[in-house]
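Asker: The following block contains the structure, expressed as structure tokens.
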Amino acid sequence: MTSRPDFGFSPGELRVLRGLRTPAGIQKFLDAMPYHLANTAWSPRRVLAERSSHCLEGAIFAAAALRVIGFPPLVMDFEAEKDTDHVIAPFRIGDSWGALAKSNYTGCRYREPVYASVRELAMSYFNDYFNLRGRRSMRTYSRPISLARFDNRCWMTTDKPVWFVAEMLLEIPHRKVLTAAMIRRLTTVDARGIAAGLVGRRRHAPAPGR
């Protein structure tokens, strides 16, 4: 019988990751972590040790956890206007896409695997992606990128920051989601929508992501 790869994780770390079992289990684990506001780029191993993450670290952690349970380790980036970028970990079951994410905004987290294309998945975040002035700020999305390209840099288990993932996401092509005319017609989110989107939000310091 072929043994499963450990990807450099310790037996104890693997027990935790394999115990998450499903994408929804990984998201539940992410949701239970405090959202921290430090300017860091922790590896999945460090996230496991600290039991905390922000947007970028949460997506990278989710990609690693997905890999351990049998999915490709994918991440995907959204760019915004007058707002911070957002990074998610997409996954596919059959022909349908879903996503895992850590976010300081209620509506920018998990997506069920019900979307027929990457664009559909990306656009599912549009209405909930707004800045503190209530302006809908998402403007572009990238294709899903496999973090396996960084296996030679031990991205899952290194003790060093993994800023190279963020740098890669800045460099890859992104697709626009709106025309100039669409942008001019955008409305702002009402007070109830803003309040709902900010439930539980951490404040007082900038973070590298949403």
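All of the numbers you see were taken from the coordinates with simple rules; none came from a lab. Please read all numbers here as calculations on a predicted model, not as lab measurements. Methodologically, a virtual Cβ is constructed for each residue, glycine included, from the backbone with ideal geometry; neighbour enumeration extends over all protein chains shown.
Asker: Name the residues in segment 108-125 that are surrounded by 17 or more Cβ atoms within 10 Å (Cβ to Cβ) and either outside any strand (DSSP E or B) or touching a residue at least 40 places away in the same chain (Cβ under 8 Å) (or both), would you?
Answerer: 108, 109, 110, 113, 118, 121, 122, 124, 125, listed by residue number.
Asker: I would also like to ask the following. From the list 38, 24, 99, which one is farther than 20 Å from residue 151 by Cβ, under 17 Å from the mean Cα position of the chain (by Cα) and part of a loop (DSSP other than H, G, I, E, B)?
Answerer: It is 38.
Asker: Within segment 138-194, how many residues are of a type in the set (D, E, K, R), in contact (Cβ under 8 Å) with a residue 60 or more places away in the chain and either loosely packed, with under 13 Cβ neighbours inside 10 Å or closer than 20 Å to residue 124 by Cα (or both)? Can you show your working first?
Answerer: Quick first cut of segment 138-194, residues of a type in the set (D, E, K, R) only: 139, 143, 149, 151, 153, 159-160, 167, 171, 175-176, 184-185, 190, 192.
Right, trim to in contact (Cβ under 8 Å) with a residue 60 or more places away in the chain and you get 139, 143, 159-160.
Checking which are either loosely packed, with under 13 Cβ neighbours inside 10 Å or closer than 20 Å to residue 124 by Cα (or both) leaves us with 139, 143, 159.
Looking only at that region, the number is 3.
Quick grid of which residues meet (1) in contact (Cβ under 8 Å) with a residue 24 or more places away in the chain; (2) surrounded by fewer than 20 Cβ atoms within 10 Å (Cβ to Cβ); (3) within 26 Å of residue 115 (Cα to Cα):
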| position | (1), (2), (3) |
| --- | --- |
| 21 | yes, yes, yes |
| 42 | yes, no, no |
| 50 | no, yes, no |
| 55 | yes, no, yes |
| 69 | yes, yes, yes |
| 78 | yes, no, yes |
| 87 | yes, no, yes |
| 94 | no, yes, yes |
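Asker: Which of the residues belonging to segment 49-90 are out of contact with any helix residue (DSSP H, G or I) (no Cβ under 9 Å at 6 or more places or on another chain) and among the basic types (Lys, Arg)?
Answerer: Within segment 49-90, just 82 meets the criteria.
Asker: Then there's this: Which one of 4, 92, 46 is in a strand (DSSP E or B), basic (Lys, Arg) and either over 14 Å from the mean Cα position of the chain (by Cα) or closer than 29 Å to residue 139 by Cβ (or both)?
Answerer: Matching residue, one of 4, 92, 46: 92.
Asker: Now for a separate question. When you go through (1) closer than 19 Å to residue 171 by Cβ; (2) outside any strand (DSSP E or B); (3) not small (Gly, Ala, Ser) one by one for residue 76, which number turns out not to apply?
Answerer: In the conditions (1) closer than 19 Å to residue 171 by Cβ; (2) outside any strand (DSSP E or B); (3) not small (Gly, Ala, Ser), residue 76 misses (2) alone.
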